[in-house]
Amino acid sequence: MTGGPVTIDELPETPEAEAAWDAFVDARPEGAVYHRSVYRRLIRDATGHEPQLLRAMRGDAVVGVFPLVHLRSALFGNYFVSLPYFNHCGVLAADATARTALLEAAADRARWVDATHIEVRHLGPQPDVAWPGKSTKVEMMLELPDTPGALWQRFKPKLRAQIRRPRKAGLYARLGGEDLLDDFYGVFARNMRDLGTPVYAPGFFRAFLRHQPGDTRVCVVYRSGVPVGGGIVVGYKDTLEIPWASTLREANADSPNMLLYWKLLEFAVEAGYRRFDFGRSTPGEGTFAFKQQWGAEPVPLHWYYWLRDGGPLPELNPKNPKFQMAIRAWQHLPVSLTRLIGPHLVKNLP
């Protein structure tokens, strides 16, 4: 159905309504895995937040979806994100009319609860979104060939030598599921402490794996049987994405990150994915250069903002000077303590 009025409601929690929502997301080229209705249960189970899945309808047809999460804490403020914890989601609509109606409905909800802003995360520009935005970060994408051998031949000799180094040092990688979660989490929690960032609870990743068991994998790199690196990947449509990866600083001389990414790239090619998404980076920084050496190309992330009172765009990130003292203090806490209190803080961070 084209033309005609659009109505906005919240997605009913019924199999039929969720199937229609997901069919719309799956059919849109720009639809992301994070748009799918399962993320309502995933985020609810993992954080206790209740996502609001706004739906645009034209008659009986879904013509737009807009998942939102309301975050509120004394430390970080009162605001909405689509979606927190992930790099891109945002408003997905069949036309400008549906998109505008969804954005206006979201702004009405923000006003109702006196939120300061809404952050809408998109991969690529959105010509119909009139809200102010920024595109300082990029998603690093690698186009994949048909075989791991063809990918290996693309790499420069220096990169091949770096990939071989961890195996020569006796490191090895395992690919699995929830059975490897504890090993991954031990590395991830330690690395997040070192970075000065609160860590998710283990249950966050368990919910992520359980709600998408066919689309996710955990990879862990070991040295003498001890986990020293790990990552989690999620596959959707033609792309395998790595939202989380970490290595231990004391093991970095043996390059566990090189073995980790090569193992995941091999898996991506063998599983038939056409792109590997290395995740978010800032051009010019170390992680950008690391991903670029594999052949990944930057795709701009466009984040848009509704602002209740105007003014500058919010900067809820580790580079904000107001958080620097807290970051330095966090880096000196015992890992056991950060694992205890971190989940209570990070669930309200975008």
Report summary line: Over segment 161-191, the set of residues hydrophobic (A, V, I, L, M, F, W, C) and in contact with a strand residue (DSSP E or B) (Cβ under 7 Å, 6 or more places away or on another chain) is LEU171, ALA173, LEU175, LEU180, LEU181, PHE184, VAL187, PHE188
Report task. Answer yes or no as to whether LEU159 is in a helix (DSSP H, G or I), touching a residue at least 12 places away in the same chain (Cβ under 8 Å) and either on the phi > 0 side of the Ramachandran plot or surrounded by 21 or more Cβ atoms within 10 Å (Cβ to Cβ) (or both). Result -> no
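Residues checked against (1) crowded, with 20+ Cβ neighbours inside 10 Å; (2) touching a helix residue (DSSP H, G or I) at 6+ places or on another chain (Cβ under 8 Å); (3) assigned to a strand (DSSP E or B):
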| residue | (1), (2), (3) |
| --- | --- |
| GLU50 | no, yes, no |
| ARG55 | yes, yes, yes |
| VAL69 | yes, yes, yes |
| ALA98 | yes, no, no |
| LEU103 | yes, no, no |
Query - Scan of segment 14-53 for residues that are over 30 Å from GLY342 (Cβ atoms) and among the acidic types (Asp, Glu), ordered by number - result: GLU16, GLU18, ASP22, ASP26, GLU30
Report summary line: If we keep only residues of segment 268-314 that are part of a helix (DSSP H, G or I) and in contact (Cβ under 8 Å) with a residue 60 or more places away in the chain, then the residue farthest from PRO84 (Cα to Cα) is GLU270
Requested in this report: Determine, yes or no, whether GLY284 is of a type outside the set (Lys, Arg), on the phi > 0 side of the Ramachandran plot and over 19 Å from the mean Cα position of the chain (by Cα).
Outcome: yes
Query raised in the report: Taking segment 9-33, which residues are farther than 21 Å from PRO127 by Cα and within 21 Å of the chain's Cα centre (by Cα)?
Result: TRP21, ASP22, ASP26, VAL33
Query raised in the report: Any idea how many residues of segment 144-163 are closer than 27 Å to SER224 by Cα and more than 29 Å from the chain's Cα centre (by Cα)?
Result: 2
Requested in this report: Taking LEU264 as meeting all but one of (1) within 19 Å of the chain's Cα centre (by Cα); (2) part of a loop (DSSP other than H, G, I, E, B), write down the number of the exception.
Outcome: (2)
Requested in this report: Determine which member of the set TRP262, TRP303 is in contact with a helix residue (DSSP H, G or I) (Cβ under 9 Å, 6 or more places away or on another chain) and either surrounded by 14 or more Cβ atoms within 10 Å (Cβ to Cβ) or not assigned by TED's automatic domain parsing to the domain that holds ALA189 (or both).
Outcome: TRP262
**Report entry** Residue selected from segment 7-30 under the condition part of a loop (DSSP other than H, G, I, E, B) and in contact with an Asp or Glu (Cβ under 9 Å, 6 or more places away or on another chain), by the criterion farthest from VAL62 (Cα to Cα)
**Finding:** PRO12
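The values are calculated or read from the model by the stated rules, or taken from the named source; none is laboratory data. Every value quoted in this text rests on a predicted model; they were computed, and no experiment measured them. In this analysis, Cβ positions are derived from the backbone assuming ideal geometry, glycine residues included, and neighbour counts consider all displayed protein chains.
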